[in-house]
Amino acid sequence: MLSEIADVVSCVSFKTVALALRRPAQLRRYVSYCLKIYDEFADKGLPARSPVTPEQEATITLPAYHSGGGMSFAELMILARTTKTRCPKTIFEMGTYNGLTTAVFILNSAPDAVVITLDLPPIPELPSKHLSSDKDLISNRRLGSVPSALGLTRYTQLLSDSMTFDASPYSDSVDLGLVDAAHDRLHVKNDTEKMARMIKEDGLVFWHDYGGRGALRPLASYLEDLAAECPIYRVSETSLAWASARGLKAALAKRTGLAFPHSAPFTLANHKSA
Ligand SMILES: C[S@@+](CC[C@H](N)C(=O)[O-])C[C@H]1O[C@@H](n2cnc3c(N)ncnc32)[C@H](O)[C@@H]1O
């Protein structure tokens, strides 16, 4: 709470006061947005870099309807163009919500690409560590409603708490990963380490909600700490961060003393559905 007040004070201007008086409910969003852009323009935190350069003639497909989940259209476009450009054979997402990003992966990957998405079972026993914004998402989610509305079925929905999820069947099998489940430091650390096991050495991992203050600051600090040991970038003017798998695996191996696999084969047979 104190750090939130300090953030507001650091942004105080005539406009901030005017907004606080006219639309107080929007103040937190405004301050958070200003600080995120300030950090980027002032070169604080992760450096900005695009994950891919698409071919000039490439096109992408996005669902027209936005069903919530926190990803902006600009961010969906980055995920779509990365999928289109890198042609991943296997995509693994942590955090399905209504399946908007799942749909983007399906729509922009090859017809034989495997898309796997993980979310909690229908009535999860929630440990108190979840942030209140994550608890809201968990109770409001309509799992898979977006792919279902679009008639998209080429994906596997896994139902498990990421903290207890066994990533070993997916070891060294994923070309493109997205970490977007719970946003507290404990979960992000757990999900990042599991993703680093699953991703292939030439793969790429995205995180969502980088750059926030307040309750999301620990997520940003975790990535910034990790960036001391491997290149991690933000995508300009978005809340996406990304890293190449090779550096991420090496950094986590050094930090945890564990091995991050890079040679186990992957077959559809060992990819289980919930
Ligand atoms: C921000 S939403 C994902 C949004 C989605 N990627 C999109 O943009 O379309 C986060 C999701 O993570 C799920 N989640 C939260 N904690 C989780 C956990 N411990 N294990 C698995 N999923 C979790 C929530 O139920 C929620 O649906």
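Each reported figure results from applying straightforward, stated rules to the coordinates on display, with no laboratory input. Because the structure is a prediction, the values reported are computed rather than measured. Backbone-built Cβ (ideal geometry, glycine too); neighbour counts: all protein chains shown.
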Nearest 10, in degrees from 0 to 90: the angle of helix 185-198 to the longest Cα principal axis of the chain is 30 degrees
Using alpha carbons only, how many angstrom separate the centre of region 67-123 from the centre of region 130-151?
14 Å
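Can you say what percent of the DSSP beta bridges in the chain, counting only those with both residues inside, are antiparallel? Round to 5.
Among the beta bridges of the chain, antiparallel pairing accounts for roughly 30 percent.
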The chain, dipole about Cα centre (Lys/Arg Cβ +1, Asp/Glu Cβ -1), debye to the nearest 20:
380 debye
How big is the Kirkwood radius of region 73-270, worked out from every pair of different alpha carbons and given in Å to one decimal?
16.8 Å
Using alpha-carbon coordinates, inclination of helix 27-41 to the longest axis of the chain, degrees:
70 degrees
Among Thr192, Gly214, Gly177, which residue has its Cα furthest toward the positive end of the charge dipole of region 171-222, with +1 on Lys/Arg Cβ and -1 on Asp/Glu Cβ?
Gly214
Any chance you could check the Cα centroid distance between region 193-266 and region 1-41 for me, in angstrom?
29 Å
Let me have the 222 nm mean residue ellipticity of the chain computed from DSSP H runs of 4+ only, each contributing -39500 (n - 2.57), with the sum over all residues rounded to the nearest 500.
-11500 deg cm²/dmol
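For region 86-208, with only Lys/Arg (+1) and Asp/Glu (-1) charged at the beta-carbon, what is the dipole magnitude about the Cα centre, in debye rounded to 20?
180 debye
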Among Thr156, Thr59, Thr164, which comes first, second and so on when ranked by fewest other beta-carbon atoms within 10 Å?
Thr164, Thr59, Thr156
Taking the Cα centre of region 107-167 as the origin, how large is its charge dipole in debye, to the nearest 20, when only Lys and Arg (+1) and Asp and Glu (-1) carry charge on their Cβ atoms?
180 debye
Lys/Arg +1, Asp/Glu -1 at C-beta; region 73-270 dipole; positive extreme among Val114, Val235, Ser162:
Val235
